[in-house]
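Student: Mind having a look at this structure? Questions to follow.
The values are calculated or read from the model by the stated rules, or taken from the named source; none is laboratory data. In this text, all values refer to a predicted model and were calculated from it rather than measured experimentally. Please note: Cβ atoms are built from the backbone with ideal geometry, for glycine as well, and neighbour counts cover all protein chains shown. Only protein heavy atoms, including side chains, enter the accessible area calculation; ligands, DNA and RNA are left aside. Shrake-Rupley method; radii C 1.70, N 1.55, O 1.52, S 1.80 Å.
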Amino acid sequence: VLLPRLRQSFELNAIVTMAWLGFAGVLLALSHLHGGWLPGLPMVLGGACWLCILANLHLVVQSSAPAWVQARAMSVYLLCFFAAACAGSGLWGVVAQHAGLLG
């Protein structure tokens, strides 16, 4: 809902930068909030920031590729994106298993 309005007011890099900073702030807030419903409030903002970042990254990949290879460019991009997410999840799972959940 807000992304088209943001694109009218700000450049793409500014939107992604603001979203990353917002997401970092959410992670900082979540490190200090425990239990109950209170962590849910920053998580809504974090989800909005995450969607803003991903939508803009997907837009850049799709719009930078020539029309005749846009679908293939998106498929390779998404394959690499999800492979990296999977590898990162596995890596952090191994770290958590060896270090423990509370470090």
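Student: In the range 71-103, how many are over 21 Å from the mean Cα position of the chain (by Cα) and either open to solvent by less than 50 Å² (accessible area, probe 1.4 Å) or among the hydrophobic types (A, V, I, L, M, F, W, C) (or both)?
Tutor: Adding up the residues that qualify gives 8.
Student: Among Leu33, Leu45, which is in contact with a helix residue (DSSP H, G or I) (Cβ under 9 Å, 6 or more places away or on another chain) and in contact (Cβ under 8 Å) with a residue 12 or more places away in the chain?
Tutor: Step by step, each of Leu33, Leu45 is checked, and only Leu45 is in contact with a helix residue (DSSP H, G or I) (Cβ under 9 Å, 6 or more places away or on another chain) and in contact (Cβ under 8 Å) with a residue 12 or more places away in the chain.
Student: Give me the pairs, please: first residue somewhere in the range 51-70 and surrounded by 14 or more Cβ atoms within 10 Å (Cβ to Cβ), second residue anywhere and assigned to a helix (DSSP H, G or I) and among the β-branched types (Val, Ile, Thr), beta-carbon distance under 8 Å, and either six or more positions apart or on two chains.
Tutor: The qualifying pairs are Cys52/Ile15; Cys52/Val16; Ile53/Val16; Asn56/Ile15; Asn56/Val16; Leu57/Val16.
Student: Still on this structure: Within the range 13-36, can you find the residues that are out of contact with any Cys (no Cβ under 8 Å at 6 or more places or on another chain), under 23 Å from Leu57 (Cβ atoms) and open to solvent by less than 60 Å² (accessible area, probe 1.4 Å)?
Tutor: Across the range 13-36, the qualifying residues are Ala14, Ala24, Gly25, Leu30.
Student: List every residue pair whose Cβ atoms lie under 6 Å apart, where the two residues are 6 or more positions apart in sequence or sit on different chains, the first residue falls within the range 71-87 and is under 16 Å from Val60 (Cβ atoms), and the second residue, located anywhere, is of a type in the set (Gly, Ala, Ser).
Tutor: Listed by first residue and then by second, the contacts come to Ala73/Ala65.
Student: Which of (1) under 25 Å from Leu6 (Cβ atoms); (2) at pLDDT 95 or above; (3) exposed (fewer than 11 other Cβ atoms within 10 Å of the Cβ) does Gly46 not meet, given it meets every other one?
Tutor: (3)
Student: In the list Val61, Val95, Val16, Val26, which residue meets the criterion of being out of contact with any helix residue (DSSP H, G or I) (no Cβ under 7 Å at 6 or more places or on another chain) and β-branched (Val, Ile, Thr)?
Tutor: Criteria check complete, one pass: Val95.
Student: Something else: Among the numbered conditions (1) modelled with pLDDT under 95; (2) at negative phi; (3) open to solvent by 40 Å² or more (accessible area, probe 1.4 Å), tell me where Pro39 comes up short.
Tutor: Pro39 satisfies every listed condition except (3).
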